[in-house]
Structures are given as structure tokens and as C-alpha cells.
Amino acid sequence: VLASLPLQMMLYFNVYYFPVWCLAEGMMLQLKYHLLPQHYQFLLVTAFLILSLAEGSRLYLGYVGNLQEK
């Protein structure tokens, strides 16, 4: 079984677009943070951190799994 070229290309581009998404999302969160109630502030920061960690681990595991044919 060979590594999937379309999957590798999607992972490659996603690795470059992920920091752009993080930066844009972080800036938007910073701009509207003080206008929100405290419970929304907590939920937004928590969701941002969970999504960032999940996406980072997904990209890492995708690269490792595809290149090692797992």
C-alpha cells in the first residue's frame, strides 16, 4: 500500500493555512472578548484552545500515518 498523494497534498496545504486561521481567529477573539459576558468568554477561549490542539494533533497524526502507510 502506497501513501495517498491527495491526502498528503491536503495535509500540506492545511499545515500552511492552519496558522493563518489561528491568527485570524485569535484576533477576532481578542477584538470581541471584552464585549461578551464572562461565561461566553470562558466558552470561546476553551473552544479555541480545544480546536487548535485537536487540529494540530490531527495534522501531525495525518502526516505520520500517511507517510508511514498506517
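Of note:
- Charge tally in the Cβ shell below 11 Å around P19, where Lys, Arg are +1 and Asp, Glu are -1, P19 excluded: -2
- Approximate spin-label separation Y33-Y60, in nm, with each point projected 7 Å along Cα-to-Cβ: 2.4
- The Cα center of region 1-24 and the Cα center of region 40-55 differ in position by 21 Å.
- The fraction of accessible area contributed by carbon and sulfur in the chain is 75 percent, rounded to a whole number (1.4 Å probe; ligands and nucleic acids excluded).
- Between C22 and L53, the simple spin-label model (points 7 angstrom out along Cα→Cβ) gives 1.4 nm.
- Heavy-atom accessible area order for L67, L35, largest first, 1.4 Å probe: L35, L67
- Overall form of region 18-70 per C-alpha gyration tensor (a/c, 1.5; a/b vs b/c): oblate
- Average accessible surface for the chain: 82 Å² per residue, computed with a 1.4 Å probe over protein heavy atoms with every protein chain in place.
- Per-residue 3J(HN,Hα) values for region 53-65, derived from phi via the Karplus relation 6.51 cos²θ - 1.76 cosθ + 1.60 with θ = phi - 60°, read 5, 5, 5, x, 5, 5, 5, 4, 5, x, 4, 5, x Hz in sequence order (x marks Gly and Pro).
- Loop-resident GluC sites (Glu not before Pro) (DSSP state other than H, G, I, E or B) in region 25-70 with no more than 15 further Cβ atoms inside 10 Å of their Cβ: E69.
- In the chain, the calculated helix contribution to ellipticity at 222 nm averages -30000 deg cm²/dmol per residue, counting -39,500 (n - 2.57) for every DSSP H run with n ≥ 4.
- Projected label distance in nm at T46 and Q8, using a 7 Å step from Cα toward the beta-carbon: 4.0
The values are calculated or read from the model by the stated rules, or taken from the named source; none is laboratory data. These figures come from a predicted structure and were not determined experimentally. Positions of Cβ are backbone-derived with ideal geometry, glycine not excepted, and every protein chain shown enters the neighbour counts. Just so you know, the surface numbers come from the protein's heavy atoms only, side chains and all, with ligands and any DNA or RNA stripped out. Shrake-Rupley method; radii C 1.70, N 1.55, O 1.52, S 1.80 Å.
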